[in-house]
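Heads up: the structure comes next, in structure tokens.
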Amino acid sequence: MMLPLKLEEVSFLHVIKPLSLQIEAGPSTIILGANGAGKSVLMRLMHGLLIPSSGRIFWNSAGRQAMVFQRPVMLRRSALDNVLYALNVARVMDAERLAKEALAEVGLTAVAHRPARILSGGEQQRLALARAWALHPEVLFLDEPTASLDPTATREIEAVIRAFDASGTKVVMATHNLGQARRLGDEVIYLHQGRVVERASVEKFFAQPATAEAAAFIKGELPWV
Amino acid sequence: MADAFRAAGALVWSADPSLVGIVALSLAVSLTAVALATLLGLPLGAALAVARFPGRRPIIVLLNALMGLPPVVVGLGVYLLLSRAGPLGAFGLLFTPGAMVIAQTILILPIIAALCRQAVEDAWLEYEEQLRSLGVEGARAALTVLWDIRFSLLTAVLAGLGRASAEVGAVMIVGGNIDGVTRVMTTAIALETSKGDLPLALGLGLVLIAVVLALNAAAFLVKEAAQRRYG
């Protein structure tokens, strides 16, 4: 088990103020907050793409994790080859079968041999999820995966994220979309100006937020202005 | 000018064997130099784009500056290296096509490496997080980006080819413009001009431009087709 993931007094420049946090296995965690609250930076710190300015981050054990970004980055090769590339880097056996299964999971079998870069935005994001799916990660980080997609594509992406959750992968997703947080989350970590202001179950967070900042954010006010 | 075109037409039409030899040697020398410089320059440029080490920025400035290396200076340097008394004199390469390839490779290596460095660095901005997230780092990351933008790098290679096929100073000094051995198009043009045979010199010039144009057109079509295909 990679989880729990522990952050001890972790800060990053002026974006993340020193914070301690523990991410447990199981329920999906939504990192909620306005633009500029530090969601993306916190995700990158946890995923290991950024080194904290101070503090420590440690996993319970080594294991496989993956991240899907707001804008998918695809290599100039076929959709299938993009998934295979990730599997080969991770030295996974039986890559071909796993890659095809992953494409089937996200509904991209028909375009497996099309160049990834000429797929639509929604298809590319599903391909990014397939690339993660094939790796069977214990933890999946998602950084606003639907922020630049239309409602149909968003629904398709959300279905795949639910499948990750159902398959036992721990989902940690940053979003500023309240509906999405409600649809996909079990617990909410509300971030405001680089601080964790509130952490609660989704039901509780939306029904009776404990802090004024969170209440204002839910009401659609602009507490960050 | 009309004389020049007539001379060029006559040269090509007659397929004059000495002309064919000159054109073939020109292409052989320049394309070999481009191949070598590409082989060395692309990994060098990619490494400079991706790696972070002390002294990286001065090296980039130096590399950019070396794009403007004067051919005659490169020729002189290679001449000193390869001359009988020089450190590499024992190989007996001076006044051979091999010496010309060496000089042109040195001349265009910075061009290909510097342009590649810029292209990879721009692409790296887009790819870095994704590749690091997948656990791809170092040489493998550089090679992945290099391969992914290979068709854009064609422009860097073409810049090198343009420089190689157009320069006269380096090949003149290390090749010696020996008829039938090291005479290429540019040195032949220089010679005919100094002899006063301007129509022949211009005719050769037109052939040279046509060859370079054809190579560039082919590369352009390849790149365009690839970009339509791969996005």
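Below is a table of values for the structure above.
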read-out	value
Stretch in chain B that is longest and holds no trypsin sites (Lys or Arg not before Pro) that DSSP places in a loop and that have at most 15 other beta carbons within 10 Å	B:85-231
Which of A:211, A:184, A:108, positive extreme of dipole for chain A (C-beta unit charges)	A:108
Spread of Cα-to-Cα distances over 5 Å intervals beginning at zero, given as percent, for the range B:57-156	2, 12, 17, 15, 14, 12, 10, 9, 5, 3, 1, 0
Base-10 log of normalised Debye intensity for the range A:153-196 (one unit scatterer per alpha-carbon) at q = 0.23 Å⁻¹	-0.85
Degrees, to the nearest 10: A:79-89 long Cα axis against longest axis of chain A	70 degrees
Kirkwood-based Rg to Rh ratio, chain B, C-alpha trace	1.05
DSSP beta bridge pairing in the protein assembly as shown, given as percent antiparallel to the nearest 5	50 percent
Qualifying aspartates and glutamates (Cα of each under 17 Å from Cα of residue A:100; at least 8 residues distant if same chain)	A:81, A:123
Nearest-20 debye value, the protein assembly as shown charge dipole, Cβ charges on Lys, Arg, Asp, Glu	320 debye
Distance histogram in 5 Å bins (all Cα pairs of the range A:1-58, percent per bin)	4, 19, 30, 27, 15, 5, 0
Percentage, to the nearest whole number, of Cα pairs in the range A:60-137 over 17 Å apart	36 percent
Computed helical MRE - 222 nm, chain A, DSSP H runs ≥ 4 contributing -39500 (n - 2.57), nearest 500	-10500 deg cm²/dmol
Compactness index (Cα Rg / 2.2 N^0.38 Å), chain A	1.02
Kyte-Doolittle at least -0.5, axis length at least 20 Å by Cα - qualifying DSSP helices, chain B	B:17-50, B:97-133, B:150-166, B:198-230
16 Å Cα-Cα reach of residue A:39 towards lysines, excluding residues that sit fewer than 8 places from it in its own chain	A:17
For the protein assembly as shown, fraction of C-alpha pairs farther apart than 31 Å, in %	56 percent
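Laboratory data are not the source of any read-out in this text; all were calculated from the coordinates shown. The structure displayed is predicted, hence computed values, not measured ones. Cβ coordinates were reconstructed from backbone atoms using ideal geometry, including for glycine residues, and neighbour counts include every protein chain displayed.
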